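What follows is a short report on a single structure.
The values are calculated or read from the model by the stated rules, or taken from the named source; none is laboratory data. Nothing here was measured: the structure is a model prediction, and the numbers come from that model. Counting neighbours? That spans all protein chains shown, and the Cβs are built from the backbone with ideal geometry, glycine included.
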Amino acid sequence: MSQEQDNQLLAEVVKSYIASQQKGRKWDLLFRLVKYTVVISVLVVIFSSGDSQSGMDMPRSDHVALIDIEGVIASNEASSADNIIGSLRRAMEAKHSLAVILRINSPGGSPVQAGYIYDEIKRLRGLHPEKKIYAVITDVGASAAYYIAAAADEIYADKASIVGSIGVTMGSFSPASFGFTEAMDKLGIERRLITSGESKAFMDPFSELKAEDAKHYKQLMSDVHQQFIQRVMDGRGKRLRPNKQLFSGLFWTGSKSLEFGLIDGLASSAYVARELIGNDKLFDYTQRPGVFERFSEQFGSGVAQAILRIGAERTVELR
């Protein structure tokens, strides 16, 4: 056999080997894809069924409905108006629910989201006068969280709970909270801002603070503060004891809050259910996002939201 024939045969062998390897890799990739698809499908079924609130089996005996309001109250958080209102409606409409306990542990958040929840609590109380709604504050029930609690029939807390903070503040990471003009001057940075509308660059952190802008923003926060105060007064009524610091934004322990009339007593959720409602069977109606929904939020839109909060948000918060 000639050298040329040897080389040709070797080339054919190598070509055949590469083709077989590529074919093997394709089948291996296909098998892996099928395997992962099956695993993910099973996980979706398991976690979706475990987290789904809409398909929950309702108790067929008398019980007390429990709804958790935890963390920041905002449209993109677990304690959004959509989630809390959905939970409230199911709890109040349930045939065997005797009453509802809002178990609150939140530092506050959006006055808009809190306002939606407050209004819905009032509406549901009117539709179901036979079912009382209790707010029970655990560690913290401040600002927007207390805004919501004020709509309940009665409010309870622990003696060491943090309660109150009836005030309004600018968003912690809002650009309007900072000013960079002196730093820009030192670094020799020129601000080039082109707008249409004299107030379009309202409270721009890279421009000099205008007295009229600051005045307008302060009035805006004052308006929201007055709305907050009015809601608290409407909800608590004559139970509030006059005090000049009550609406100053300060917060107090549960014991001191009781003296001010911000709460009705010192008690836990279990105590309220057992001693006040007369049934110690609690059933959780809290609407929570599923595992994959939380995952997608954290690694998808959650990243975008974090960037927006740091770089472009101008919000008013109850904190």
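Structure notes:
- Taken as a whole, the range 138-160 holds no residue that is charged (D, E, K, R) and more than 24 Å from N243 (Cα to Cα).
- Positions within the range 108-139 being aliphatic (A, V, I, L, M), closer than 18 Å to A78 by Cβ and surrounded by fewer than 20 Cβ atoms within 10 Å (Cβ to Cβ), in sequence order: V112
- Exactly one residue out of F260, F251 is of a type outside the set (D, E), under 24 Å from E77 (Cβ atoms), at pLDDT 85 or above and in the same structural domain as D139 (by TED's automatic domain parsing): that is F251.
- Residue within the range 94-107 that is in the same structural domain as K215 (by TED's automatic domain parsing), surrounded by fewer than 20 Cβ atoms within 10 Å (Cβ to Cβ) and of a type in the set (K, R) present: yes
- Residue check for I104: in a strand (DSSP E or B) and either farther than 18 Å from W252 by Cα or of a type in the set (A, V, I, L, M, F, W, C) (or both): yes
- The lone criterion from (1) touching a residue at least 60 places away in the same chain (Cβ under 8 Å); (2) buried (at least 24 other Cβ atoms within 10 Å of the Cβ); (3) not in a loop (DSSP other than H, G, I, E, B) left unmet by A151 is number (3).
- Taken over the range 249-276, the criterion of being part of a loop (DSSP other than H, G, I, E, B) and among the hydrophobic types (A, V, I, L, M, F, W, C) is satisfied by L250, L262, I263, A267.
- Residue within the range 141-157 that is modelled with pLDDT of 95 or more, assigned by TED's automatic domain parsing to the domain that holds L250 and either among the basic types (K, R) or more than 23 Å from S257 (Cβ to Cβ) (or both) present: no
- Scanning the range 106-119 for residues that are of a type in the set (S, T, N, Q) and touching a residue at least 40 places away in the same chain (Cβ under 8 Å) returns S110, Q113.
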